[in-house]
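Novice: I have a structure I would like to understand better, so I am pasting it below and will then ask my questions one at a time.
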């Protein structure tokens, strides 16, 4: 039921109903949209490269933090400046001295990173060389930070802060790998 | 008398997009492809919906230049938001909501800019009408073109209510949801719009 009953209202309703529902926009509108999408896509890729680099820096910063924590929480003889000795994968298999919970988590992280690494290797040809360089640098920093955290944890297995740094370094490495694979389209 | 909604939406086009079921199925596939970054699929979606969106933007903005910019804003935003489009509403309704939001955001920006330079604002809703500063220009011949002109000359808030409810056929509740207006305020604006249009068109 309609609330408008006067002849004027009826006439207005008729005119309104006769208005065209569609009006074609000028052809240049789509060109402008397409150009803006392209520009945004390019900016997004640049931004993702920056985020990859930032993730690497974050891992490096957490590695430094790890050293500080180690220095403060244990006597220097046990915890000072534990240098990275090997890749996390090699360390995980050769020296299973982490607490069982962390060792089990590390196995999960290793499976994830290996799967992502395989995907990235398959698609790396579609990435710009500068992006590949950024990714590789970030991954090297991540591996170094993980190895450092792992070594510190082996010396001080009950240190909760070290455990948190250890897992967060793995998560950041996975984040770097995931972002990199998203940047690289399927070939 | 038939309601505005039934006048605007003919019985043979039950879906708000105006697309037939087969076209809708094709549209779903295009949405899926566009979500995955397929710009060609998005271009086809654009061509399916641009006419409806431009008509809405033209009537909401009251002038073609801003309407073109609104269409552009709408589809660029839609491209970015498409991964979050869940299909609860039709794509047309979703695009219309984006267009209305884009317009409201522009109006808020204009208002802030106007406040900075201390311009006099429209007494109706703080927005300036593009053609007649809140007054409807007298129009003698009641044709569709005259109605378009009269709609364009309505104060912006009143025009928005009229276009969304009377022209596009959205319910009071839907328009209230899109614009953030209370339904009471919306009804008052619709009443005012009708009065102004009837007077302007000498109906």
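Read-outs throughout are calculated quantities, based only on the coordinates presented, and are distinct from any laboratory measurement. Computed from a predicted model, the values in this text were never measured in an experiment. Cβ atoms come from the backbone with ideal geometry, glycine included; neighbour counts cover every protein chain shown.
Novice: Give the average, rounded to an integer, of partner chain Cβ atoms located within 10 angstrom of each Cβ in A:27-38. Don't jump to the answer; show the numbers that get you there.
Specialist: Numbers: counts 0, 2, 10, 8, 0, 6, 13, 7, 1, 5, 8, 1.
What the average comes to for A:27-38 is 5.
Novice: Could you check the simple spin-label distance between residue B:85 and residue B:28, using points 7 Å along Cα→Cβ, in nm with one decimal?
Specialist: Reported label-point gap for residue B:85 and residue B:28 is 1.5 nm.
Novice: Another one. Taking a label point 7 Å from the Cα of residue A:97 along the Cα→Cβ vector, which residues of region A:135-167 have an amide N closer than 14 Å to it?
Specialist: Label zone hits: A:148-158.
Novice: What is the average number of partner chain Cβ atoms found within 10 Å of a Cβ in A:116-123?
Specialist: Numbers: counts 0, 0, 0, 0, 0, 0, 0, 0.
For this peptide, the per-residue mean of nearby foreign Cβ atoms is 0.
Novice: Shielding by partners for B:148-157, please: the mean number of other protein chain Cβ atoms within 10 Å of each residue's Cβ.
Specialist: Details: counts 4, 0, 2, 2, 0, 0, 0, 0, 0, 0.
Whole-number average of other-chain Cβ neighbours for B:148-157 is 1.
Novice: Based only on other Cβ atoms within 10 Å, what is the fewest-to-most ordering of A:8, A:138? Before the final figure, lay out each step's value.
Specialist: Values: A:8 17, A:138 27.
Lowest to highest Cβ neighbour count: A:8, A:138.
Novice: Could you line up A:167, B:171 from fewest to most neighbouring Cβ atoms inside 10 Å?
Specialist: B:171, A:167
Novice: Could you check the spin-label model distance between residue A:117 and residue A:22? Points 7 Å from the Cα along Cα→Cβ, value in nm.
Specialist: Simple spin-label model gives 5.4 nm for this pair.
Novice: As a footprinting exposure proxy, order B:110, B:32, B:40 by other Cβ within 10 Å, with the fewest listed first.
Specialist: B:40, B:32, B:110
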